[in-house]
1. Amide H neighbours of ILE24 under 5 Å, at least 5 residues apart or on other chains, H built in the peptide plane: list them.
2. Round to the nearest 0.05 the FRET efficiency obtained for GLU18 and ALA134 when R0 = 30 Å and r is the Cβ-Cβ distance.
3. So if each residue of separation counts as 0.36 nm, and I subtract the Cα-Cα distance between ARG148 and ARG47, what length gain in nm does that give?
Amino acid sequence: VCGEAADAPGLLRLVALEQPDVAIVDIRMPPTHRDEGLVAAREIRARHPGTAVLVLSQYVASRYAARLLEDQPTGLGYLLKERVSDVAVLVDAVQRVAGGGCVIDPAIVQRLLDGAQPSSAAAGLTGRERDVLALMAEGCSNAAIAQRLHIRERTVEAVCAQIFTKLGMPPDPDVNR
């Protein structure tokens, strides 16, 4: 651990100064506790592409996840805080995003599926995309999905990116774009 920040501007300064391998970011930060962490996470990804980002959230906010994933899903994680109460889960997520993987909480994957427009978005998924999505919803890591489907982990990441693109969500009125 190289530091702790009280707000998004402090986080951005700390990342610029320390150049950490991974930044763990709470999605809701002062002063408004809305989406400052999400905005900071996206800015870290843009300014410091070598820094992976793991976003933690108290709530299942699929629209936030969709916004974060739309740029580039590699080296990125989005987990519920309740999931990381198990230290092993947190350590695994940090190692996976630091290695360029993508970690998405199964509850968020399920919400993305539930919120998808049934006749168009979900119906447009290929068989491979449905297989990957089902394993994501079970909580499998990218490596586990790759092993079970006999494909490369980078292929899993590419398929994940395609899935999130196809399951585009309507804008969330509570999120400033």
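Read-outs throughout are calculated quantities, based only on the coordinates presented, and are distinct from any laboratory measurement. Remember, predicted model here, so these are calculated numbers, not experimental data. Reconstructed Cβ throughout: ideal geometry from the backbone, glycine too, with neighbour counts over all protein chains shown.
1. Amide H neighbours of ILE24, under 5 Å, 5+ apart: LEU54.
2. Using R0 = 30 Å, I get an efficiency of 0.20.
3. Full-extension gain reported as 32.8 nm.
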